[in-house]
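The values are calculated or read from the model by the stated rules, or taken from the named source; none is laboratory data. Just so it is clear, the model here is predicted, and its values are computed rather than measured. A quick note on method: Cβ atoms are made from the backbone with ideal geometry, for glycine too, and the neighbour counts reach across all protein chains shown. Accessible surface is based on the protein model in full, side chains and every heavy atom, while ligands, DNA and RNA are left aside. Shrake-Rupley method; radii C 1.70, N 1.55, O 1.52, S 1.80 Å.
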Amino acid sequence: MNTPSPSVWTDEFLWSKRLVGDPEADQVFRTLVDRNQKGEVDQIFQMLVRNRDFPNPAFDALPTDVRDLIEGYFVATRKLPDWAEPFKLMVAADLFRQYGPKILLVLLCKSLPLCYTCWRGAKVLYRTGRLRVHDGSLNSFTRRLMETAQFVVDILTPDSFEHDGHAIVAIQKVRLVHAAIRYFAQERDWDTEVYGLPINQEDLSGTLLSFSVVIVDGLEQLGIELTPEEREAFFHLWHVVGYLIGVDDDLNPEAEDDCRFLMNAILEQQAGPSAEGAELTDACIDLMNSRLSFGPFKDISHVFVRFFIGDRYADMLSVPKEDDAGDSRLLNAVQWLDKRFRGLSERNVLVAALGRSFSSGMIEMVLDYHNGSKNEQFVMPSALTRTWQETKPDFRVPPLTGIGDAIFYFEKLTRHFKAQNNPMGLFTAVYKIVTERVAEGIRQGLFENNEKMEQVDTRFCTLYFEAVNRYFDDEPAPAPWQVSFDAARRPLIANQHIFSACNAHIGYDLPQVVSELFPGDEVQRFYNDFMKMNELFDAMYDQMNDNIGRIFRPFGTMLRYFDERILRAERAIMREGREKAWQNSISLAQAADETDRRKRIAALEQESARLGRKLVDPPLLLRLPLELVARNEVGTVAQKIDVMLRSALLPTVQ
């Protein structure tokens, strides 16, 4: 590895780098365009952008020559450099675990605005056609901001550089997107003499430095001092990213002092006022103002931008000044006091403290964001969100008035768990579909006790929602549910998460509901409807197996050859479970009195919890292959939840 030297970074040298792109990615994209029509290229890129993993079954749908080209690129560019140090990557990721919200605040208020001062580079961002929509709003640029935030999250998430992490694929995709922008921008009267190549080597280096040295400096402005080891690790991580994303060695420093020198050299050469830079910064400010506030402080994002980048660069970007109309009296008072403190120190003590509090809203902002054009949720690993904030929603499921309420809250919970990347959403997605099918059966009058059936299903769902509410309130849930909820923190296969919840719901909840609504000998009146309800579930096996086959491809291959055998085995297992649930329903219905019933429920709770623990902690000989399956499942938890919501193969309810 060649170590770049500040003596090389002359003005002339930096100008020469504006004429250099990314030859490897550019060649792949040119070949792609030469072999396909523009519309086909657009479709290919939509597919690449929507998928976060490689290898990916979505590539199988591509023409053979295109698939070979794309897969060849992903294989050739995924190897970490020999000098990459895994321990340092781990330490850097731990910084994000500790300071993630503040890093995202610095990203929006310092890193990106400083990039926008480089007016030549800002030109290509503005001209990509993704920044404004026809009504003049900034919605499409909001999408671009969230894509950048997602990239930073993918890079800094713990274990993201492991074989099943998202960092390397995220980098590879960005390289191809940059190549596409370079190609098409130059087709549209791009002035290379004035601006250099679109997304050239100098722009790439400056952007990477804004994610490294600029973020470290921004954390210091917030009063967060990193240790020397932490700083070294953070710069090492972005040095590795620079290598993988195609930055030339002589523009990819690792030492902190060299990074700061090069960033300043680029800013001195490229920074200046521009309408594009000002408008891009407005988009940052508008995004934060629309989604963030702190107590009585509203629409104050411009204060933080000016605080982080300083007056010189803020004036280039036309960031409103502190005395502009619209500032609150309270905010003006804070700024006035801060100036007094600055007489003793160069640090803006009060605004920095306000920024630390303001940053706590960053997670809600990014998790609430939904990228409509790609039908994609912002993905934040649940291990990080548990550290940064309470992962509990701002709602609890109230008492249900009917099965329609149950479907509504299953959908709401599924969205919440999906946004948190929480595997509990796998069960809510499946059970939402189950409940919809039961509701349709009731509507068609398929049950003997149709009115009673709605009461059964509503009460059945209620027991689950009560357990979830206890989970959200940090109170212990019934033992079988607690086993399932605790399992959501572990890297299990999708089926383990689903079946541990099904065990609690069918093995523990269902007998209570049946015996409660059909006490004593009345329980036999429910048997036919009990079986009919399970027939509706049996009809979902083809869809469920197809879903699992999409998540774990070897299972999908098995289905081609052993479909009927697998279905018979599944039905036999579920039949045994249902028979046991029915016998437990009879047992509870025939309890001598309420004391006896409570005793039987307690015994049932312990037995169901025991079975749940066997599902999530199987014997070692079974656990090892299951761990292998879990590591090879395709997609994030959020994407798996989307798969579980599919209904294309479901038969008509009749």
* In nm, give the distance between the simple-model label positions of residue 412 and residue 163, each being 7 Å from the Cα along the Cα-to-Cβ direction. => 4.3 nm
* Asked: Which value, in Å to one decimal place, does the Kirkwood hydrodynamic radius take for segment 180-286 when every pair of different Cα atoms is included?
  -> 15.5 Å
* Asked: Taking a probe of 1.4 angstrom, what is the accessible area of residue 16 in Å², to the nearest 10?
  -> 60 Å²
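Which loop GluC sites (Glu not before Pro) in segment 185-290, with loop taken from DSSP, have no more than 14 other Cβ atoms within 10 angstrom of their Cβ?
225
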* Run the quick spin-label model on residue 449 and residue 24: label points 7 Å from Cα toward the beta carbon, then report their separation in nm to one decimal. => 6.7 nm
* Could I get the Rg over Rh figure for segment 395-478? Both from C-alpha atoms, Rh via Kirkwood, rounded to two places. => 1.00
* To do: Treat every Asp and Glu Cβ in segment 402-469 as -1 and every Lys and Arg Cβ as +1, leave all other atoms uncharged, and give the resulting dipole magnitude about the Cα centre to the nearest 20 debye.
  => 300 debye
* In nm, to one decimal, how far is the modelled label at residue 15 from the one at residue 188, with both set 7 Å along Cα→Cβ? -> 2.8 nm
* Asked: Can you give the accessible area of residue 227 in Å² (nearest 10), computed on protein heavy atoms with a 1.4 Å probe?
  -> 60 Å²
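If the chain between residue 622 and residue 586 were fully stretched, how many nm would it gain, using 0.36 nm times the residue separation less the Cα-Cα distance? Mind dumping the intermediate values first?
On the way: separation 36, 0.36 × 36 = 12.96 nm, distance 3.37 nm.
Working it through step by step, the gained length comes to 9.6 nm.
Filter 17/88; 412/532; 102/418; 418/640; 17/123 down to the pairs with a C-alpha to C-alpha distance above 19 Å, please. Show your work: numbers first, answer last.
Values: 17/88 29 Å; 412/532 27 Å; 102/418 23 Å; 418/640 9 Å; 17/123 17 Å.
Those over the limit are 17/88; 412/532; 102/418.
Could you compute how fast segment 413-522 diffuses translationally, taking Rh as the Kirkwood radius over C-alpha pairs and applying Stokes-Einstein at 4 °C with viscosity 1.567 mPa s? Give it in µm² per second.
On the way: Rh = 14.9 Å.
The Stokes-Einstein estimate is 87 µm²/s.
Set the Förster distance to 41 Å, then compute FRET efficiency between residue 31 and residue 80 from the Cβ-Cβ distance, nearest 0.05.
On the way: r = 25 Å, r/R0 = 0.62.
So, using R0 = 41 Å, E works out to roughly 0.95.
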